[in-house]
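Every read-out reported here was derived from the displayed coordinates using simple, explicitly stated rules and does not represent laboratory data. Only a predicted model underlies this, so the values are computations on that prediction, with no experimental measurement involved. Glycine also receives a Cβ, built like all others from the backbone with ideal geometry; neighbour counts cover every protein chain displayed.
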């Protein structure tokens, strides 16, 4: 059974911010997690790059502030589950 892209993103978010994976949902946004501050955002972007083997463009970083936005971005980059 393969893990969906949503699940993989949620796992990376949970690991990066040290929260229980059950806390991170398919609709989690930056405002929902106290540790998702500006430094946390940079750490998450680096983790996303490593986990999904992508290079994020600097101008895209401010747009990637929710699980849905990250999933949509990765799908547009051709990342598959």
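Looking at the square roots a ≥ b ≥ c of the eigenvalues of the Cα gyration tensor of the chain, which shape do they give, rounded for a/c under 1.5, prolate if a/b is larger than b/c, or oblate? Verdict is oblate for the chain. Over the chain, DSSP H runs of length four or greater, each weighted -39,500 (n - 2.57), average out per residue to a 222 nm ellipticity of -15000 deg cm²/dmol. Measuring r between the beta carbons of residue 11 and residue 65 and using R0 = 25 Å, the FRET efficiency lands at 0.90. Estimated from the Cβ-Cβ distance and a Förster radius of 30 angstrom, the FRET efficiency linking residue 38 and residue 3 is about 0.55.
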